[in-house]
Amino acid sequence: MTRTSIGGGLLYPQQNQLRNVFDMSGLWQFQLDPQEEGEARGWFKALSAPRQIAVPCSWNDLFDDARNYLGLAWYRHEMYVPSAWRQERVFLRVGSANYAAKVWVNGTVVVQHMGGHLPFVADISDRLVWDRPNVIAIAIENKQLLDRVPPGLGEGGGGVAGVLGGYPATTYDFFPYAGLHRPVVLYSVPAQQHIDDITVVTTIEGRDGIVNLKVETSTQYPGTGKARINEIEADLNFRAGSAEATLRVPSARFWSPQDPHLYPLTVTLTNGQRVTDSYSLDIGIRTIAVRGDRLLLNGQPIELTGFGKHEDFPLTGRGQNLPMWIRDYELLKWSGANSFRTSHYPYTEEAMMLADKLGFLVINEIPAVGLNFEDPEPATQQRLAQCLQQIRELVARDKNHPSTIMWNVANEPMGGVPLGGASVPAAVESGMRFFRQMYAETKRLDPTRPVTLVGVQQGVRDWHGIFDVVCVNGYYGWYTQSGRLELGREALARELDALHQRFGKPMMVTEFGTDTIPGAHNHPSEMWTEEYQVEFTRGFLDVAAQRQFMVGMHVWAFSDFKTGQGTMRAAGMNFKGAFTRDRRPKMVAHFLRDRWAKK
């Protein structure tokens, strides 16, 4: 059995003259397995009572008996592999299986993977048949277990959302959608050797852009290759399967939200004059850095305006939904936003490609939401191993996107009672050990981008000292100081000033918002009305505007999204969106457009 490789093998599958892609999106067979009997009964060969399901998609919104089901379920698909691929190496790539997956090809286990939202790959060349259909079977479950990331509920009550209750029970405040959420594809590469990984790092010298490349191959390749950007070319001389090169782009256009220019980079392997493999990607020449309490893009201070989001839409759930993404970017542009955070998990790769093309700045986040360091130490160590795997996979997948300007290793971790309660010294120290390792590993993987941790209002402050940018979520005037907006603004100002005085780093409020029922109005404004949402948002933005150390404000949330059922969540929804779940603007969306777009 093989396992996904980390640090290589996660290049986005590409069709060209030497590579092929077969997307298996469409209708698959599907069957729930609440008794977990399928493997013993050979369901990887044939399901006993299958029904049809769309891939990619979450299963929860499609079937009445699967609405709150998070246990084991099976996917099965038959397909011929083109005979022209017979002399190639063939890989199976699953874009996202939430949460734990086991994959069979023609009755043999080829890969297992833990954690949703990121791709995993298996070489299945020697498992294929060519005279009949191949059978792909994938078993998936999304159990909320204590030692997972996100974790299930523990003795400490889980994360901030864990104290709210709800069904299904989670430590986070969004619905635990399950299934094959992104495409499952086969792709082929040349059999002898192929390009396995490319790392692009750009710098700026005067008006020139410097593009530093590292290319790795699948074998200990001793040969040659080329790297080309338009008419600029550099030789690649491989030793032990690795080569580096530098290309200078004179009078370069530097990537930014105002000018998201992308250069076409093509890397080839060569045997004499013959090209034996080729891979192309669009790159942006830009730098991102922290200097004092400023965040610098291409050496100039940048201010982030935008939202936290979710991949969430009716029927498709968390499944890849490209029409949704096209519309979301249109609305982001309309609102005047220049950025967003991938709360609370990595988004589909096509969303990152669109961010590159459209010039949006992205804080890229692993699924580490709901961490509570009061939970038992063995569970914390299991979570650390999972978080390290997630950041390795995320950096491997997204390191070449100019839109990704920051890595985030956790959202609202807890070391005691949330929202101002007393912290527990042992939990704080456990978190310090955890986050020091996360920061060090992320910087080892990518020393070119800032790394952050998103804390919660009045949470553990010590942890922020480890990271490059201080990010905090604040709901003063909603969860605390409810209905008293002036008191909420004063509390926010005190916290921001205290954090800056202690750390002197760039600061962002990465979540602030109020639940708002669409169409609810009142004067004077009161909680749950659209007027209250506007006044709350205005107050937070005004407090931040008075402080030069603030480098960004992200409204929570871009759109309303599905949650579990509970007394805190009317209709099983979080209504903090500036837009409704079907993307109709509330009053606050028009307010933000007036404030951001005009600026």
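Write out, first by first residue and then by second, each pair whose Cβ atoms fall under 7 Å of each other, whose residues are 6+ apart or on separate chains, and whose first residue, in segment 492-519, is without any contact (Cβ under 8 Å) to a residue 40 or more places away in the chain while the second is open to solvent by less than 40 Å² (accessible area, probe 1.4 Å) and part of a loop (DSSP other than H, G, I, E, B).
E495/Q457; E495/G474
Restricting attention to segment 171-211, which residues are buried (at least 21 other Cβ atoms within 10 Å of the Cβ) and without any contact (Cβ under 8 Å) to a residue 60 or more places away in the chain?
Answer for segment 171-211, where residues must be buried (at least 21 other Cβ atoms within 10 Å of the Cβ) and without any contact (Cβ under 8 Å) to a residue 60 or more places away in the chain: there is none.
From (1) surrounded by fewer than 20 Cβ atoms within 10 Å (Cβ to Cβ); (2) in contact with a helix residue (DSSP H, G or I) (Cβ under 8 Å, 6 or more places away or on another chain); (3) within 21 Å of I124 (Cα to Cα), pick out the condition that doesn't hold for L32.
(3)
Looking at P367 and the list (1) under 20 Å from T510 (Cα atoms); (2) open to solvent by 10 Å² or more (accessible area, probe 1.4 Å), which single condition is not satisfied?
(2)
Quick one: which of D542, D594 is touching a residue at least 12 places away in the same chain (Cβ under 8 Å), open to solvent by 30 Å² or more (accessible area, probe 1.4 Å) and either of a type in the set (D, E) or in contact with a Cys (Cβ under 7 Å, 6 or more places away or on another chain) (or both)?
After applying the criteria, what remains is D542.
For every residue, the table says whether it meets (1) in contact with a strand residue (DSSP E or B) (Cβ under 7 Å, 6 or more places away or on another chain); (2) in a strand (DSSP E or B); (3) touching a residue at least 40 places away in the same chain (Cβ under 8 Å).
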{"residue": "A427", "(1), (2), (3)": "yes, no, yes"}
{"residue": "M432", "(1), (2), (3)": "no, no, no"}
{"residue": "R449", "(1), (2), (3)": "yes, no, yes"}
{"residue": "G455", "(1), (2), (3)": "yes, yes, yes"}
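Which ones in segment 286-311 are under 30 Å from R228 (Cβ atoms) and touching a Leu at 6+ places or on another chain (Cβ under 9 Å)?
R286, T287, I288, A289, L297
Looking only at residues that are part of a helix (DSSP H, G or I), open to solvent by less than 40 Å² (accessible area, probe 1.4 Å) and acidic (D, E) in segment 487-533, which one is nearest to G292 (Cα to Cα)?
Looking at residues that are part of a helix (DSSP H, G or I), open to solvent by less than 40 Å² (accessible area, probe 1.4 Å) and acidic (D, E), I get E495.
Taking Q437 as the residue in question, decide whether it is open to solvent by 20 Å² or more (accessible area, probe 1.4 Å), in contact (Cβ under 8 Å) with a residue 60 or more places away in the chain and part of a helix (DSSP H, G or I).
no
Would a scan of segment 36-58 turn up a residue that is among the basic types (K, R), within 24 Å of the chain's Cα centre (by Cα) and farther than 30 Å from L269 by Cα?
no
Which condition number does R547 fail, the rest of (1) in contact with an Asp or Glu (Cβ under 8 Å, 6 or more places away or on another chain); (2) within 29 Å of T171 (Cα to Cα); (3) open to solvent by 10 Å² or more (accessible area, probe 1.4 Å); (4) without any contact (Cβ under 8 Å) to a residue 60 or more places away in the chain being met?
(2)
If M553 satisfies every condition in (1) open to solvent by 10 Å² or more (accessible area, probe 1.4 Å); (2) in contact with a helix residue (DSSP H, G or I) (Cβ under 8 Å, 6 or more places away or on another chain); (3) in a loop (DSSP other than H, G, I, E, B) but one, which is the exception?
With respect to (1) open to solvent by 10 Å² or more (accessible area, probe 1.4 Å); (2) in contact with a helix residue (DSSP H, G or I) (Cβ under 8 Å, 6 or more places away or on another chain); (3) in a loop (DSSP other than H, G, I, E, B), M553 is out only on (3).
Any idea which of W478, W463 is touching a residue at least 12 places away in the same chain (Cβ under 8 Å), touching a Gly at 6+ places or on another chain (Cβ under 6 Å) and either under 21 Å from M587 (Cα atoms) or not in a loop (DSSP other than H, G, I, E, B) (or both)?
None of the other options fit; the residue is W463.
For segment 220-237, which positions are open to solvent by less than 50 Å² (accessible area, probe 1.4 Å) and either at pLDDT below 95 or under 16 Å from R274 (Cα atoms) (or both)?
Listed by number, the residues that qualify are Y221, G223, G225, A227, L236.
Which residue is farthest from T316 (Cα to Cα), if the candidates are limited to segment 559-599 and must be of a type outside the set (D, E, K, R), assigned to a loop (DSSP other than H, G, I, E, B) and touching a strand residue (DSSP E or B) at 6+ places or on another chain (Cβ under 7 Å)?
In this case the residue turns out to be A578.
For segment 288-354, please list each of the strands (runs of 3 or more DSSP E) lying entirely inside it that holds at least 2 residues being buried (at least 23 other Cβ atoms within 10 Å of the Cβ).
304-308, 339-341
So L361 passes all but one of these: (1) touching a residue at least 60 places away in the same chain (Cβ under 8 Å); (2) open to solvent by 10 Å² or more (accessible area, probe 1.4 Å). Which condition number does it fail?
(2)
The values are calculated or read from the model by the stated rules, or taken from the named source; none is laboratory data. It should be emphasised that the depicted structure is a prediction, and the values quoted were computed from it without experimental measurement. As a convention, Cβ positions derive from the backbone with ideal geometry for all residues, glycine included, and neighbour counts pool all protein chains shown. These accessible areas exclude ligands, DNA and RNA; they are computed on the full protein's heavy atoms, side chains included. Shrake-Rupley method; radii C 1.70, N 1.55, O 1.52, S 1.80 Å.
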